[in-house]
1. Within region 513-527, is even one residue modelled with pLDDT under 85 and aromatic (F, W, Y)?
2. Which numbered condition trips up T16, out of (1) polar (S, T, N, Q); (2) modelled with pLDDT of 80 or more; (3) surrounded by fewer than 19 Cβ atoms within 10 Å (Cβ to Cβ)?
3. Looking at (1) more than 23 Å from the chain's Cα centre (by Cα); (2) crowded, with 19+ Cβ neighbours inside 10 Å; (3) small (G, A, S), which is the only condition A703 fails?
4. In region 791-809, which residues are open to solvent by 10 Å² or more (accessible area, probe 1.4 Å), assigned to a loop (DSSP other than H, G, I, E, B) and out of contact with any Lys or Arg (no Cβ under 8 Å at 6 or more places or on another chain)?
5. Just name the residue that is farthest from L712 (Cα to Cα) out of those in region 646-673 that are open to solvent by less than 50 Å² (accessible area, probe 1.4 Å) and over 26 Å from the mean Cα position of the chain (by Cα).
6. Look through region 283-298, keep the residues that are open to solvent by 10 Å² or more (accessible area, probe 1.4 Å) and aromatic (F, W, Y), and return whichever of them is farthest from F344 (Cα to Cα).
7. Please enumerate the residues belonging to region 406-439 that are touching a helix residue (DSSP H, G or I) at 6+ places or on another chain (Cβ under 8 Å) and at pLDDT below 95.
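The values are calculated or read from the model by the stated rules, or taken from the named source; none is laboratory data. Source: prediction; values computed, not measured. Cβ coordinates were reconstructed from backbone atoms using ideal geometry, including for glycine residues, and neighbour counts include every protein chain displayed. Remember, those area values only see protein heavy atoms, side chains included, never the ligands or the DNA or RNA. Shrake-Rupley method; radii C 1.70, N 1.55, O 1.52, S 1.80 Å.
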Amino acid sequence: MKKINILILVLLFFSTYLFAQNNRGVLLGKITDNITNLPIVNAQIEMDTIIIFSNKNGEFSLVALLFKKYKILVTAKGYNNYSAVVTIKKDTQQFFIKLGKTSIALKEVKIVNEREETNGITRLKSVDGFGIYESKKTELIILKDLTINSATNNPRQVFSKVPGLNIWESDQAGLQLGVGGRGLSPNRTSNFNTRQNGYDISADALGYPETYYTPPVEALEKIEVVRGAASLQFGTQFGGMLNFVFKKGSTKKIEVVSRQTVGSFGFFGSFNSFGGTVAKGKLNYYTFINRKQANGWRPNSGFEVNTVYTSFIYNFNSKTTLNFDYTFMQYNAQQPGGMTDAQFENNPQHSFRNRNWFKVNWNLFALTFDYQINNKTKLNIRNFGLLSQRYSLGNLERIFVADLGGNRTLIQGDFSNIGSEARVLHQYSLFNKPHTFLVGSRVYYGTTKSLQGDGSSGKDDNYNFNNPSNLEGSNYLFTNKNGSVFIENIFRINTKFTITPGLRAEYINTSSNGFYKILSKDLAGNIIADTNIWGDEKNSRSFILAGIGASFKPNSYLEIYANISQNYRAVNFNDLRIVNPNLKVDANMKDESGFSTDFGVRGNYKNLITYDVSLFLLAYNNRIGQVLKADLPPLYQDYRFRTNVANSQNLGIECFVEVDIWKLIEKTKSKNNLLVFTNIGFVNARYINAKDKAIENKKVEMAPPLMLRGGLTYKYQKFSCTFQGNYVTEHYTDATNAVRVTGAVNGIIPTYQVFDFSLGYVYKKFTIESSCNNVFNALYFTRRAESYPGPGIIPSDGRSFYITLGIRL
């Protein structure tokens, strides 16, 4: 870390002599209502990477501008967006804008398209909302521009244009999202800081960052993905940040949307929303109810899920906004269990467990406050909380052991946490150049109660302990306290080159208190010893993370960017005492630390070609991973051992290219689009400096060397269809690189390829969508589980069909 700090200081020092200016002008502007001619206060003016706001007189100024053309975007609450091209030709130039139902352009201004054509994927702006994303690796998924099967939350379709993601597929409706990037485990997306509308949604952001709730895609407007350098603004996760952004209510008083979906294996989905704007435009509301159910591709895999969401946004005035969100999700699913390799090869659709169940209750609350302090400074405060439970019930014994009945294992997790983030975004001038400063803080407190004991001996979903006052497994209370302060600043050296340094100071305090039980039995199964092993552990640490990025934009269609950021990941204490014959955990695990860095080029050439090609390095110290171990004689049963395996380095390339072939050939405006996209993720992830020399230079688990996704989309007016494919090469599930073991919790994930086809058509108020997932009925799997929903191989679904009918009123 010392070397990285020195590098950051050198880069900062190097940036200071690059300040220079010549042939620069000033743009003076005023924004008014096109009918009343009254000034519009706090309108946002965005030009390149610069964002400022109009003052109380509707005026704004942009200084130190090169003599060239700029694209300018003006937005204000209650007014139509305004987009134009302005040419700076003299030292001082005036620019008048009238907002309303129509826009008036004066002098050097030419109207251009208001909405950018994204084809479903673009990237975050350098300053977006209350975040700084300059020089970072980002993707912004625009859901309405994708032709996908949104009713089933199919992740390989939703994230098809984001390179380098390894995706687990465990259920028919995307109930639990499993996404990992750059060689990190996809397990319940735990290596991302996962958010919804900017606030946390995982069970416990520090102690248990797994996400059991996935927002329904039908309700989403967009998904924000930030890799690598996300640690400074969003906390200690190596994978980055993933933020689901919901739709808002219509500008009408009320708008109703109803979508009904039927599909293979008894699938039925009903999505119904209503929203609008009332109280003279001050109150925006949006609510939806979503129901999904199915029997499943395999026996014993039926499920039902209900999700309810409501949001109220109240604009007190042009400066002050208050937003309240509430989300409730509940699902109950039967789990068909895992398989051995031989069982999968014989019949991947079979089930060897009929008494396994899984249930989740999720409650999320959020209160967000936005205040425009002045035309250069704004404040955002996000308060959020979670009250949730998860229950897993069934037979945890190795999958080759038949389930002959008896008491099942019940594991219950109760999660409650509360947190608050405050951010101040400030635009200022230095050396006659505009810059952006962000400062923020976060406080967080979370508790997790983890219980394990005997459940009922039946087949039903009875989530009650047999002996709640004397559990046979474990009883632990985990607490996590976190406080942090972070700063980041965009220094605009000139209109083409920026430097963005940042710091984050972090304090983490974790503790665990409780016991796990050791039962000794004789050959007849009688208990001869019953011992509770008590533990009371506390761990406090504080540290500083540093990072810096740089961006060079020589023209409108090319950006060269680079960044480097330190990172840290705390041990998840609540994993330490689960009693599972397939998994054991090192009680002396240490926190992980390291850094990530990116170097890439990206751009969009005349909406014909979109590209982003980058090289990354993810360096881990004390990486926590899975090692294959053998049990005691005489059986020598294999199991996973979770520990600090070694240091590791993940080096790779991520590449995305999309071309509109129709426009490229015709070179004229057309109602037709024929889009071809491909993304490639290559990673060479290896263990280094391992104490166990048998691990040295082994491949890191869950890191496919090659992930290739591509597709073809045709659009004509309101009709669109997409055919896409996914190809993922063979990779390992533990650090010893075991190929095949008896219990099937470790071994290779064989190379697989799967294709999907989707189409959609909009006619006035009506929508029809149809899809065929896994067109060629590939038989494959993406994961091996040591616990639920296994243990063993978890087969992915075969071919399935869906059709959706929708109406908007």
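1. There is at least one residue in region 513-527 that is modelled with pLDDT under 85 and aromatic (F, W, Y).
2. (2)
3. (1)
4. Result: D797, R799.
5. A646
6. In this case the residue turns out to be Y285.
7. The answer is G413, and nothing else.
The rows are residues; the columns are (1) over 21 Å from T377 (Cα atoms); (2) out of contact with any strand residue (DSSP E or B) (no Cβ under 9 Å at 6 or more places or on another chain); (3) outside any strand (DSSP E or B); (4) at pLDDT below 80.
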{"site": "L27", "(1), (2), (3), (4)": "no, no, no, yes"}
{"site": "I31", "(1), (2), (3), (4)": "no, no, no, no"}
{"site": "I45", "(1), (2), (3), (4)": "no, no, no, no"}
{"site": "I52", "(1), (2), (3), (4)": "no, no, no, yes"}
{"site": "L65", "(1), (2), (3), (4)": "yes, no, no, yes"}
{"site": "V74", "(1), (2), (3), (4)": "no, no, no, no"}
{"site": "K77", "(1), (2), (3), (4)": "no, no, yes, yes"}
